[in-house]
Every structure is written in structure tokens, then in C-alpha cells.
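Working notes, structure below.
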Amino acid sequence: MREKRKIKVLIIDDSLLFREFISQEVRKDSGIVVVGTAADPFDARDKIIDLEPDVITCDIEMPKMNGIEFIRRLMPQYPLPAVIVSSLSDNVFEALNAGAVDFVVKPAIRTSNGMEGFINELIVKIKIASMANVSLFKNSTLSQEIHSTNMEKADNVIIAIGASTGGTEAIFDIIHALPKDMPGIVIVQHMPPGFTKMYANRLNNSCKLEVKEAETSDKIIKGRVLIAPGDKHLKIVRKGNAYFVECFEGEKVNGHKPSVDVLFNSAAEACGSSAIGIILTGMGYDGAKGLLKMKEKGAITIGQDEKSCVVYGMPKVAYDIGGVSKQLPLKSIPEKICSLVYK
């Protein structure tokens with residue numbers, strides 16, 4: 001049997017101690033080989049050419065040039081999957097916008113348990129990044145904004161969106177294009193605690209819709225987008241003719257908290273045929289069964305197509321099991337949503 005090729009990784013960090021720690025720990029995984037380390041972007045540039053890594057890990061705060069600017073300059077000429085290693089900061093969203101595939105948070109307190117969890121997460125995200133479609137970042141453009149129309153809007157529609165790797169930019173692309181009088185939207189994006197609030201604020205400051213991190217009892221209303229907190233599940237509940245969200249603790253579902261399946265299952269039960277379900281780029285299968293349940297309850301379901309996904313995992317599983325009514329490229333999804341919402 002032919003042995004699977006190991007993923008070649010280049011570690012970029014200005015701290016010698018942290019650089020060596022990551023290198024030492026990551027190479028313990030049998031599927032990864034660390035081909036080199038670099039102290040700054042200029043050192044990294046030369047080593048990328050010489051060593052031809054499959055994936056890079058990159059700090060944001062570095063001398064000579066920060067990680068965001070480095071990735072922004074790197075991607076058009078040399079598209080390469082990058083995993084950002086960062087402290088709790090909204091700078092990670094700038095890095096993702098520049099072309100990074102994902103990010104891992106440095107432990108605030110470097111205990112043995114904290115560092116072990118950090119390394120395990122980094123290894124998983126390196127492996128996911130090695131499968132990412134980074135060619136998308138060469139000519140990425142936002143979907144065309146859709147303005148409000150005078151057409152009659154369908155009443156009591158709820159839009160549920162789920163995403164993982166690559167989802168922060170995909171969601172931004174959709175929400176940025178939608179008019180301010182859209183029906184209520186509820187989103188689960190796999191993301192650590194703390195970052196979901198930053199992400200919601202970022203969207204709120206850039207889009208026509210109101211966007212906030214969801215809290216229990218928040219009402220789902222026209223013109224509002226609610227994003228599940230990074231450490232809680234979120235479900236939709238119906239009270240009379242109104243819809244609300246409930247955020248709650250619990251075990252991970254499909255390896256995630258929040259879980260897309262939890263959201264989609266609740267949308268199926270609470271909203272039935274009044275819902276629109278959308279599954280976007282991401283690794284794994286979270287959301288696939290829930291989307292199928294939504295479809296079985298009469299909802300219209302949309303899956304992002306392979307060509308426009310950073311990682312064609314979740315939408316593929318949903319499509320394969322029959323959960324997707326319509327598969328579309330990312331740039332076509334906002335227009336499709338509006339065609340379903342407006343009569």
C-alpha cells in the first residue's frame with residue numbers, strides 16, 4: 001500500500017521559544033513534517049520558495065512586517081494555506097480577509113493542559129488547511145449588493161446559516177450583499193468564545209443589517225442577524241407567531257459547540273416550511289443531517305458549491321445525503337435568498 005504523503009509545514013513566529021515549541025510538538029504527529037521555521041516574513045518568503053511547504057502557520061505580530069500584510073502580499077503570487085496563531089484579537093478577521101484559512105488562539109495561561117489543547121487544535125487545523133482551496137483568494141470579489149425592492153416580502157420567514165472553515169468571509173459576503181429589510185437571520189459559525197462577539201461587531205459596522213452576538217430571548221426580527229456565541233449552542237424557539245433564540249450549555253455535537261445541526265434541527269421543528277437553510281464551506285459533516293430535516297419539513301435548502309468553497313466538506317455531505325434543494329456558487333446565494341424572500 002502506498003504511504004500517504006506527509007503535510008509539509010513551515011512555522012513562522014518571531015519568538016524563538018514559541019517557534020521551537022510549536023515545531024517540536026507538531027512534528028510528533030505522524031501525518032506532518034516540519035520542513036523549517038522562520039523568524040519574520042522576509043525569512044519566510046525565502047524559505048517558502050526553497051522548502052515548498054504545503055501549509056504555513058503564522059503569527060500576526062512580527063517585526064519588519066506583520067502577518068496580515070505578509071499574507072495579503074503572499075496570496076496573489078503564491079497561494080498557500082495559512083493558519084494564523086494569535087491572541088484574542090479582532091486582527092484575526094483581517095488575516096482571514098487577507099487569505100488565511102483559519103486561526104488558533106494562543107493559550108492565555110501556558111499550563112500543560114492549555115498548551116496540549118492548543119497543539120491538538122493546531123494540528124487539526126493544519127490538516128484541514130492542507131485541503132483548502134486557496135486559489136479562491138487570487139481574484140476574490142464581494143457579491144453585488146442587492147437593494148430593497150417594492151415587491152411583497154414573504155411573511156414570517158426565518159433564514160438559518162451554518163459554516164465552518166472559510167465561513168467568516170463567506171458569511172460576510174452574503175450578509176454584506178443583503179438589503180436592510182431582510183427577514184431575521186440566525187447563524188452558527190464554528191468559532192472560539194470571544195471571537196463571535198468581535199465578528200458580530202465587525203459585520204454590524206460593515207453591513208446594512210443589524211448584527212449582534214445572540215443572547216437568550218433575543219427576538220428574530222426583520223433586519224436583524226443573530227450569531228451564536230462561541231461557547232454555546234443556539235436554537236430557535238417559537239412563541240405564538242414570533243420567533244426567539246435560546247443559547248444554552250451542553251456537550252459538543254459533531255465535535256462542535258455551537259453546532260450547526262442544533263440550529264438546523266430547531267429551525268426544522270420551529271419554522272417548518274417557513275425557513276430557508278443554507279450550509280456553507282467547512283470541514284466535516286456538522287449541519288448535514290439538520291439541513292435534511294429542514295428540507296423534509298418543507299424548508300428550502302441551499303448548499304455552497306465545491307468551486308467556491310474553501311473546504312467542500314459540510315456542503316458535500318449535505319448534498320450527498322439529499323439535504324440540499326439547490327447548490328450554488330457563493331456569489332449567487334444572496335440573489336437566490338432575495339428571490340425566495342420577495343414575491
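The values are calculated or read from the model by the stated rules, or taken from the named source; none is laboratory data. On a predicted model such as this, the values are computed, not experimentally measured, just so you know. Backbone-built Cβ (ideal geometry, glycine too); neighbour counts: all protein chains shown.
Across the range 78-103, what is the number of residues that are assigned to a strand (DSSP E or B) and hydrophobic (A, V, I, L, M, F, W, C)?
Selection size over the range 78-103: 5.
How about the range 202-215: which of its residues are surrounded by 14 or more Cβ atoms within 10 Å (Cβ to Cβ) and in a loop (DSSP other than H, G, I, E, B)?
Listed by number, the residues that qualify are Cys207, Lys208, Leu209, Ala214.
On the basis of being at pLDDT below 95 and either buried (at least 16 other Cβ atoms within 10 Å of the Cβ) or at positive phi (or both), does Pro193 make the cut?
no
Identify, from the list Leu51, Leu80, Leu74, the residue that is in contact with a helix residue (DSSP H, G or I) (Cβ under 7 Å, 6 or more places away or on another chain) and farther than 19 Å from Pro107 by Cα.
Going through Leu51, Leu80, Leu74 in turn, just one is in contact with a helix residue (DSSP H, G or I) (Cβ under 7 Å, 6 or more places away or on another chain) and farther than 19 Å from Pro107 by Cα: Leu80.
Mind listing whichever residues of the range 72-82 are more than 15 Å from Ala132 (Cα to Cα) and not charged (D, E, K, R)?
Leu74, Pro76, Gln77
So, in the range 61-99, of the ones that are among the small types (Gly, Ala, Ser) and modelled with pLDDT under 95, which residue ends up surrounded by the fewest Cβ atoms within 10 Å (Cβ to Cβ)?
Across the range 61-99, the extreme among qualifying residues is Ser87.
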